[in-house]
Amino acid sequence: MENYVSKWRERIKGQVKYYFCFRKAAVSLAGVILCYNLVNYNVVDVLATYFTHAFNHDAIHKSAVLVNVLMGLQVVVLAFTWAYSGSFGIRKIIIFSTTVYVLGLLMLYLSASNRIPKTNFVLYLFACVLIAAGKAGGPSILKRDLLDQLIAGHENIGQIDWKQARCRRNVWLFLTGVLIVIIPFSENWSTMFVNCIHPTRTENIKAHFNCFKKDRKNLPPDQPAEAQAQQEQLLLIRMIPMWSTFIVLGLVTSTADTFFNLQDDSMEPHVTTSIFLLAKDALKVAADFLCGWFLELRRLSRSEKNFVLKMIICLGMVLSVICPSLAWQIEVQRLKKAHEMELVGKPKHKKVHMSDWCMAPLFGLWGVMEGLSVRGLDEFFNYHVSKSREDCGSEIYNKIPIAIGNLLCAVCVSTCKRWFGDTLNQSRLDKYWQMITVLAWINLCWFFFVTTFYFTKAKDGVELQESQVEIESQVEIESEESEVEIESEESEVKIIRENYVYLQR
């Protein structure tokens, strides 16, 4: 019995040692990630609700434009920061991003507490630009730097266990997620803005005291050969048709990000919108994990992997049709209830007698749709372009069509301005969701046509070069091993001959 207990104790210690690594800089970075997630879930992701209460005229249209401009700009800022983060350094990025973040939140706080005169659209737009610029040090940048901290001490990149490092990073991210659920937030907007300003300012001060200093120097990035770089440029051009299908998907996600919060806010509250957003992101991570697990489950041939990746993206595209169509039907029922209760023209705080639990399937579909489509596109990029450009693909190239979709949503809302009034009960959001559903159906048909462009060829381009390098290195290793075997055999033969001559004598 004692041997059994000790064996389990050693096994648990080994698992803890494998999955957890404590570093001071990692704690600091996890704190910044927690700060950003708190602001995102409790303020930035629900700003549409605040804007609708702040404006007295044309509230729905103005809030939708502001939120979509904010989402489009933050994608552009993240892509720029990811491309040039090596030049700036993580400390400067955190100082800049937290400073402008605090300024943007401070403007919203002064507006919510009525400490400045009645704010207008331009002032809110400036606050949104500041918050988007604050995304420069967002979680996607900090996650990469957190991974760097957890592999600190390895001078040779070949000695790094990347799987273990990613597991340790995921443990830190899980802890930040648990803290987000535990930390309570006030429903009063001015108090909520203040609660977000304090931790952001704290992380800014810590960055000034250089709490994010790295324990190791950055490993130099691998620079592709000139011929390989030219081939990759041609393959990037080949990705344009697939990227074009994600513009409408970005339109669907940005529309959901804008109007799901408003629909939830107009119903009887049983669950806060922040909880729905957390559940959505949890399902997104779960869908992403299942895609990666399925791709690693068995070794797929090139044709099989190409087909599987198309099917994963196809599932995301199908959900991009189901999600707005379901939102359309829910909005029809909500408007019907609003007219029965004669809430049209009533104050904004009047709620429709309809449980907000009916919004749970929408947030769930939204999360699974993003998880499948984004992970599928990232893997598709790695397959058809190059595995060496994986970071650039997932954080720069693949984000551009999503940003275009966000800006397209602002254009669509402005074009259909006649459908939107001062409140959601005075608007025809059902017609707008109907239009988005039609566009999603057209985009799904376009996706089926685009997939015919991507078929499995004999290993060409970058894949051919990578395979040639692997074959050449394998041949060199085998030749070296054969030379060593020949030398050892010759030495053995020489020794045998010397012994034979000695015995004859």
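Each residue in the stretch 37-57 was checked for being out of contact with any Lys or Arg (no Cβ under 8 Å at 6 or more places or on another chain) and assigned to a helix (DSSP H, G or I), and 14 of them qualify. Could you list, ordered by first residue, the pairs with Cβ atoms under 8 Å in which the first is in the stretch 1-30 and part of a helix (DSSP H, G or I) and the second is loosely packed, with under 10 Cβ neighbours inside 10 Å, at least 6 apart or interchain? Going by the 8 Å Cβ cut-off, there are no qualifying pairs. Do we find that residue 80 is closer than 25 Å to residue 400 by Cβ and modelled with pLDDT under 80 in this structure? Spelling it out, residue 80 is indeed closer than 25 Å to residue 400 by Cβ and modelled with pLDDT under 80. Filtering 26, 64 for residues that are open to solvent by less than 80 Å² (accessible area, probe 1.4 Å) and closer than 30 Å to residue 122 by Cα leaves a single hit, 64. Would you pick out the residues in the stretch 98-134 that are touching a Lys or Arg at 6+ places or on another chain (Cβ under 7 Å) and under 18 Å from residue 42 (Cβ atoms)? Scanning the stretch 98-134 gives a single hit, 102. Can you list residue pairs whose Cβ atoms sit under 9 Å apart, with the first residue in the stretch 439-451 being among the aliphatic types (A, V, I, L, M) and assigned to a helix (DSSP H, G or I) and the second being modelled with pLDDT under 90 and open to solvent by less than 10 Å² (accessible area, probe 1.4 Å)? Count only pairs 6 or more apart in sequence or on different chains. That search, which allows pairs on different chains as well, returns 450/242.
Within the stretch 29-44, is even one residue more than 30 Å from residue 266 (Cβ to Cβ), open to solvent by 60 Å² or more (accessible area, probe 1.4 Å) and not hydroxyl-bearing (Ser, Thr, Tyr)? No; the residues of the stretch 29-44 include none that is more than 30 Å from residue 266 (Cβ to Cβ), open to solvent by 60 Å² or more (accessible area, probe 1.4 Å) and not hydroxyl-bearing (Ser, Thr, Tyr).
Scanning the stretch 428-453 for residues that are open to solvent by less than 20 Å² (accessible area, probe 1.4 Å) and either out of contact with any helix residue (DSSP H, G or I) (no Cβ under 6 Å at 6 or more places or on another chain) or aromatic (Phe, Trp, Tyr) (or both) turns up 432, 433, 447.
Among the conditions (1) modelled with pLDDT under 80; (2) open to solvent by less than 40 Å² (accessible area, probe 1.4 Å); (3) not charged (D, E, K, R), residue 344 misses just one, which is (2). Please indicate, with yes or no, whether at least one residue in the stretch 256-276 is surrounded by fewer than 16 Cβ atoms within 10 Å (Cβ to Cβ), out of contact with any Lys or Arg (no Cβ under 9 Å at 6 or more places or on another chain) and in a helix (DSSP H, G or I). Within the stretch 256-276 (the criterion being surrounded by fewer than 16 Cβ atoms within 10 Å (Cβ to Cβ), out of contact with any Lys or Arg (no Cβ under 9 Å at 6 or more places or on another chain) and in a helix (DSSP H, G or I)), the answer is yes, since at least one residue qualifies.
Cβ-Cβ distances below 9 Å connect no pair with a first residue in the stretch 251-268 that is at positive phi, a second residue that is not in a strand (DSSP E or B), and a separation of six or more residues or different chains.
When residue 118 is tested against the conditions (1) open to solvent by 30 Å² or more (accessible area, probe 1.4 Å); (2) modelled with pLDDT of 70 or more; (3) more than 25 Å from the chain's Cα centre (by Cα), the lone failure is (2). Evaluate the stretch 288-310: report whether one residue or more is open to solvent by less than 70 Å² (accessible area, probe 1.4 Å), β-branched (Val, Ile, Thr) and at pLDDT below 90. Yes, the stretch 288-310 contains a residue that is open to solvent by less than 70 Å² (accessible area, probe 1.4 Å), β-branched (Val, Ile, Thr) and at pLDDT below 90.
Would you call residue 52 farther than 24 Å from residue 142 by Cα and open to solvent by less than 20 Å² (accessible area, probe 1.4 Å)? For residue 52, the condition - farther than 24 Å from residue 142 by Cα and open to solvent by less than 20 Å² (accessible area, probe 1.4 Å) - is met. Of the residues examined, residue 358 is one that is at pLDDT 85 or above, under 30 Å from the mean Cα position of the chain (by Cα) and of a type outside the set (A, V, I, L, M). Select from the stretch 349-358 the residues that are touching a helix residue (DSSP H, G or I) at 6+ places or on another chain (Cβ under 9 Å) and in a helix (DSSP H, G or I) and list them in ascending order. Residues satisfying the conditions are 356, 358.
The values are calculated or read from the model by the stated rules, or taken from the named source; none is laboratory data. Since this is a predicted model, take the numbers as computed values, not measurements. Cβ atoms come from the backbone with ideal geometry, glycine included; neighbour counts cover every protein chain shown. Ligands, DNA and RNA are excluded from the accessible area calculation, which covers all protein heavy atoms including side chains. Shrake-Rupley method; radii C 1.70, N 1.55, O 1.52, S 1.80 Å.
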